[in-house]
Amino acid sequence: MTKELVHPAQVLLDAQGGAQRLPVCDHYSGVEVRMRKSLQLQAEMMQEFGTCVFDVTLDCEDGAPVGQEAQHAKLVAELANGAAHGARVAARVHAVDHEHFQQDMDIIAGNAAERLCHIMIPKVESLKDVIEAEKALQRATGKDVPLHVLIESPAAVQQAFEIASHPAVQSIAFGLMDFVSAHGGAIPASAMTAQGQFEHPMVVRAKLEIAAACHAYGKVPSHCVVTEFKNPQALEACAQKASRELGYTRMWSIHPDQIRPILRAFSPAQDEVKQAAQILIAAAVQNWAPINFGGVLHDRASYRYFWQLLERAHQTGQALPVEVQPWFASH
């Protein structure tokens, strides 16, 4: 590849292809020993893949022992500041109406904002909660930290598009367990299982609404957990459905054994990567004008798709064809 070829990101990522790119896996841990092990695993896999292939979100909402919320928040800030160079570390704080929410923000964002890739806000019900979270962040630090929000109720699902529209929101995740529980028994417990969550119409509808809202505003939809963490086959099947059928580009992990199956499920196939590279190189040579490739017409509309496919391959640690590697040298 010659240096004269224009980088795809310079010509392809306009309003129709400008969604933010994040690692496809977001791994949660809240107990100290597991948080430390998660960060160690992240550093090891960064060495293995040459890039950070998953986020580690340190959890205060479910991880902080009652009565020790401040100590736990200080630990999260300490771990974030001590993470490996290039690591993506986040924190989940308490909900905006919780008594320890501002304290979490003050301690974590106030002391580790520069090391945080995002802050997760749970139990967001409306745009008002996002605005409150942004104000709390501003009170804690002068630095910008992206907000990820967790939608967990039917009322919040109704507000998904408005929530996604806020500039501070980078990603929306779906809280399956709380969503099912919020229906007063109208949705059976089977809808919380690996299989059932893709079969119950109300759950599937909520997932689709969140994914659609994210894509409408260039945000990242993050799929919910699979609690059967001892069944990697079921987890990988769920991740494939989330990625290929429901429009999700990211998924939660709650056990280290779930990380690699999620990476595999969200990774494009090798033949897809090879084809995407060939098409984009041919397009770049023609200065991104339309081309005939194998008897099929391609232009910038399809170039965006193939560029995003290569980005996803890079995010999941795949080896890229040598001719496109310079595009990712500093990407």
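The values are calculated or read from the model by the stated rules, or taken from the named source; none is laboratory data. This structure is a prediction, so every number in the text was calculated from the model and none was measured. Heads up, the Cβs are rebuilt from the backbone with ideal geometry, glycines too, and the neighbour counts pull from every protein chain shown. Quick note on the areas: whole protein, heavy atoms, side chains included, nothing else; ligands and nucleic acids left out. Shrake-Rupley method; radii C 1.70, N 1.55, O 1.52, S 1.80 Å.
In the list ALA191, ALA211, ALA237, which residue meets the criterion of being in a helix (DSSP H, G or I), touching a Leu at 6+ places or on another chain (Cβ under 7 Å) and within 18 Å of TRP252 (Cβ to Cβ)?
Details: ALA191 fails: touching a Leu at 6+ places or on another chain (Cβ under 7 Å); ALA237 fails: touching a Leu at 6+ places or on another chain (Cβ under 7 Å).
Answer to the selection: ALA211.
Give the residue, chosen from ALA212, ALA189, ALA155, ALA194, that is surrounded by fewer than 15 Cβ atoms within 10 Å (Cβ to Cβ), among the aliphatic types (A, V, I, L, M) and within 30 Å of PRO232 (Cβ to Cβ).
Numbers: ALA212 fails: surrounded by fewer than 15 Cβ atoms within 10 Å (Cβ to Cβ); ALA155 fails: within 30 Å of PRO232 (Cβ to Cβ); ALA194 fails: surrounded by fewer than 15 Cβ atoms within 10 Å (Cβ to Cβ).
Being surrounded by fewer than 15 Cβ atoms within 10 Å (Cβ to Cβ), among the aliphatic types (A, V, I, L, M) and within 30 Å of PRO232 (Cβ to Cβ) holds for just one of ALA212, ALA189, ALA155, ALA194, which is ALA189.
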The stretch 78-113, subset open to solvent by less than 50 Å² (accessible area, probe 1.4 Å), of a type outside the set (Gly, Ala, Ser) and assigned to a loop (DSSP other than H, G, I, E, B), residue farthest from ALA156 (Cα to Cα): HIS100
Out of the residues in the stretch 59-72 that are free of Cβ contacts under 8 Å to residues at least 24 places away in the same chain and part of a loop (DSSP other than H, G, I, E, B), which is surrounded by the fewest Cβ atoms within 10 Å (Cβ to Cβ)? VAL66
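Within the stretch 295-302, does at least one residue satisfy the condition of being over 22 Å from PHE54 (Cβ atoms), hydroxyl-bearing (Ser, Thr, Tyr) and touching a Leu at 6+ places or on another chain (Cβ under 8 Å)? Talk me through it step by step, then tell me what you get.
Just the residues of the stretch 295-302 that are over 22 Å from PHE54 (Cβ atoms), to begin with: 295-302.
From what is left, the residues that are hydroxyl-bearing (Ser, Thr, Tyr) are 302.
This time we only want the ones that are touching a Leu at 6+ places or on another chain (Cβ under 8 Å), so: none.
No, the conditions are met nowhere in the stretch 295-302.
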Residue identified as modelled with pLDDT of 95 or more, among the small types (Gly, Ala, Ser) and within 15 Å of the chain's Cα centre (by Cα) among ALA182, ALA213: ALA213
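Being without any contact (Cβ under 8 Å) to a residue 12 or more places away in the chain and either crowded, with 16+ Cβ neighbours inside 10 Å or at positive phi (or both) narrows it down to one residue among GLY247, GLY295, GLY317; which is it? Don't jump to the end; show me each part of the working.
On the way: GLY247 fails: without any contact (Cβ under 8 Å) to a residue 12 or more places away in the chain; GLY317 fails: without any contact (Cβ under 8 Å) to a residue 12 or more places away in the chain.
Checking each option against the conditions leaves just GLY295.
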Being surrounded by fewer than 21 Cβ atoms within 10 Å (Cβ to Cβ) and not basic (Lys, Arg) is true for just one of LEU75, LEU116. Which residue is that? LEU75
